[in-house]
Amino acid sequence: QVQLVESGGGLVQAGGSLRLSCAASKSIFSYSTMDWYRQAPGKQRELVAALTRGGSTNYADSVKGRFTISRDVPKNTVSLQMNSLKPEDTAVYYCAAETGYTHYWGQGTQVTVSS
């Protein structure tokens, strides 16, 4: 079982940037896809960005053109660069590692965007 530890969250003004990182205890190539999800208060958890083992990416429509998912394979890390942040991006952001059967989750990191 993998351990995932997120970092990089915080408070930022609208229009600002943050970079989230997810450190995995095992090779990220062990998983078919590495994801970033988010959950805002009173809302369901939603997929923000995904990066497959083969290098394909997928983004939620609400973040396309603003967020970029990337990986550093030797360091077993996955990052989420978030630019042009909006108050509606405020949420707890979770890193996830997918197999064909399950997701493994990190503990989450809070991102708050003030207007």
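In table form, for the structure just shown:
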item: Qualifying residue in segment 14-29 (condition: touching a residue at least 40 places away in the same chain (Cβ under 8 Å), loosely packed, with under 15 Cβ neighbours inside 10 Å, touching a Leu at 6+ places or on another chain (Cβ under 7 Å) and among the polar types (S, T, N, Q)); result: yes
item: Search result, residues across segment 76-115 that are over 14 Å from the mean Cα position of the chain (by Cα), more than 19 Å from residue 10 (Cα to Cα) and charged (D, E, K, R); result: none
item: Count of residues meeting criterion [polar (S, T, N, Q) and either more than 21 Å from residue 112 (Cβ to Cβ) or not in a strand (DSSP E or B) (or both)] in segment 36-82; result: 9
item: Qualifying positions in segment 95-115 - out of contact with any Ser or Thr (no Cβ under 8 Å at 6 or more places or on another chain) and either part of a strand (DSSP E or B) or under 13 Å from residue 19 (Cβ atoms) (or both); result: 95, 96, 103, 104, 105, 110, 114
item: Number of positions in segment 85-107 that are open to solvent by 60 Å² or more (accessible area, probe 1.4 Å) and modelled with pLDDT of 95 or more; result: 5
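Each row is one residue, and each column tells you yes or no for (1) open to solvent by less than 40 Å² (accessible area, probe 1.4 Å); (2) in contact with a Phe, Trp or Tyr (Cβ under 9 Å, 6 or more places away or on another chain).
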| residue | (1), (2) |
| --- | --- |
| 45 | no, yes |
| 50 | yes, yes |
| 60 | yes, yes |
| 69 | yes, yes |
| 73 | no, yes |
| 78 | yes, yes |
| 109 | yes, yes |
| 113 | yes, no |
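The values are calculated or read from the model by the stated rules, or taken from the named source; none is laboratory data. Predicted, not measured: the structure shown is a model, and the values here were computed from it. Cβ sites come from the backbone with ideal geometry, for glycine too, and all protein chains shown count toward neighbours. Accessible surface is based on the protein model in full, side chains and every heavy atom, while ligands, DNA and RNA are left aside. Shrake-Rupley method; radii C 1.70, N 1.55, O 1.52, S 1.80 Å.
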